Amino acid sequence: MLDERKQAKKRRFNPRTRGDYFWGYLMIAPTVLGLLVFSIWPVFQTLYFSFTSWGSFGNYEWTGTDNYKAMFADPMFWMALRNTFIYTCVTIPCAIALSIVAAVLLNQKIRGVTLYRTLYFLPVVTMPSAVAMVWKWLYNADYGLINYLLGAIGIKGPSWLTDPDIALYSMVIVAVWAAIGNNMVIFLSGLQGIPVSYYEAAAIDGAGSFKNFIFITLPLLTPTIFFVTIISLIGAFQVFDLVFMMIGPNSIVIEQTQSVVFLFYKNAFMLNNKGYAAAIAMVLFVIILLVTIVQMKLQKKWVHYS
């Protein structure tokens, strides 16, 4: 054991090894520097600003925990948090379930499968603002395509984006539609990593397609499902573009649809209350961190890596 340690120490201080370390650190230096400047430092800066009050011309002063006290007493914050949780809890399961179904169907050997995969993936390469504007036109209560088609069969279409009872769920539909393409590609890679021998052995035992999906596909796809769930949760908690583009800050249903990130934007850039906005950002950061930690702990119970 002692000889092995001496040899490892000798290799570590070998001039050639030190040169390799130098070039290795030099290659990752731009990425590390970018993370420090644009990701890590802003977190600490936002944490500091969350304890300050901002005035005109960028002046601010230390106010302690006043922003957090005001935030937890603000009904608008709790409404935004409620909207965000509803949006997340409805969007994630629907998007993952439909993405798995699409991936399984497009993993078959059918004619034109490449074209279908491309069509499903198109929303991913489309700008979110463009997606929001197209769906806003489709949802228009007066001349939108959806209500026109409903009217053609004798059904009066609702006010999709101005009815406080359904406006949030109208955004959920768009979010699910936009998420299927990206998730589908990830699930496809997971499906293609499952050994065919499992299905061949199941076929010998007389298992059908449904049993193959329940007892082979789903268990072996759980690592991919876990990964998609994590990134989808983080993205859903940070929803902003759909609220801003489809609903708008002046809408009569903005209170029933605004997310936490939209509330942060409104306070930071519209009301110039940057200290309060920083406090909102920090609370959202903690919520996402806690949810991710819980997911990491629970994944031991349902994710199968072999």
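Can we say T257 is more than 16 Å from H304 (Cα to Cα), hydroxyl-bearing (S, T, Y) and touching a Ser or Thr at 6+ places or on another chain (Cβ under 8 Å)? Spelling it out, T257 is indeed more than 16 Å from H304 (Cα to Cα), hydroxyl-bearing (S, T, Y) and touching a Ser or Thr at 6+ places or on another chain (Cβ under 8 Å). Given the conditions (1) farther than 25 Å from L233 by Cα; (2) of a type in the set (D, E, K, R); (3) within 24 Å of the chain's Cα centre (by Cα), report the number of the one that K136 does not fulfil. Against the list (1) farther than 25 Å from L233 by Cα; (2) of a type in the set (D, E, K, R); (3) within 24 Å of the chain's Cα centre (by Cα), K136 comes up short only on (1). Any residue in the range 90-104 that is in a helix (DSSP H, G or I), exposed (fewer than 15 other Cβ atoms within 10 Å of the Cβ), among the aliphatic types (A, V, I, L, M) and at pLDDT 90 or above? Yes, the conditions are met somewhere in the range 90-104.
Among the residues of the range 147-155, is any surrounded by fewer than 13 Cβ atoms within 10 Å (Cβ to Cβ), of a type in the set (S, T, Y) and out of contact with any strand residue (DSSP E or B) (no Cβ under 8 Å at 6 or more places or on another chain)? Explain how you work it out, then say what you get.
First, pick out the residues of the range 147-155 that are surrounded by fewer than 13 Cβ atoms within 10 Å (Cβ to Cβ): 149, 151-155.
Narrowing further to those that are of a type in the set (S, T, Y): none.
Checking the range 147-155: not a single residue is surrounded by fewer than 13 Cβ atoms within 10 Å (Cβ to Cβ), of a type in the set (S, T, Y) and out of contact with any strand residue (DSSP E or B) (no Cβ under 8 Å at 6 or more places or on another chain).
Does any residue in the range 233-249 that is surrounded by 20 or more Cβ atoms within 10 Å (Cβ to Cβ) come within less than 8 Å, Cβ to Cβ, of a residue that is charged (D, E, K, R) six or more places away or on a different chain, and which pairs are these? Listed pairs, sorted by first residue: M246/K136.
Can you tell me which residue is surrounded by the fewest Cβ atoms within 10 Å (Cβ to Cβ) among those in the range 23-61 that are among the hydroxyl-bearing types (S, T, Y) and under 18 Å from N273 (Cα atoms)? Explain how you work it out, then say what you get.
Within the range 23-61, the first condition is being among the hydroxyl-bearing types (S, T, Y), and the residues that meet it are 25, 31, 39, 46, 48, 50, 52-53, 56, 60.
Applying the additional criterion that residues be under 18 Å from N273 (Cα atoms) yields 46, 48, 50, 52-53, 56, 60.
Details: T46: 17, Y48: 13, S50: 22, T52: 19, S53: 17, S56: 6, Y60: 15.
The selected residue is S56.
Filtering I280, I247, I288, I252 for residues that are out of contact with any helix residue (DSSP H, G or I) (no Cβ under 9 Å at 6 or more places or on another chain) and not small (G, A, S) leaves a single hit, I252.
Just so you know, in the range 62-84 the residues that are open to solvent by less than 80 Å² (accessible area, probe 1.4 Å) and aromatic (F, W, Y) include one that is farthest from L168 (Cα to Cα), and it is Y68.
The set of residues from the range 111-125 being in contact (Cβ under 8 Å) with a residue 24 or more places away in the chain and either open to solvent by 50 Å² or more (accessible area, probe 1.4 Å) or over 17 Å from M245 (Cβ atoms) (or both) comprises R117, Y120, F121, L122, V124. Hey, any hits in the range 247-258 for a residue that's in a helix (DSSP H, G or I) and within 18 Å of the chain's Cα centre (by Cα)? Yes, the range 247-258 has at least one match.
The values are calculated or read from the model by the stated rules, or taken from the named source; none is laboratory data. Values in this document were obtained by computation on a predicted structure and should not be read as measured data. Don't worry about glycine lacking a Cβ; one is built from the backbone with ideal geometry, like all the others, and counts go over all protein chains shown. These accessible areas exclude ligands, DNA and RNA; they are computed on the full protein's heavy atoms, side chains included. Shrake-Rupley method; radii C 1.70, N 1.55, O 1.52, S 1.80 Å.
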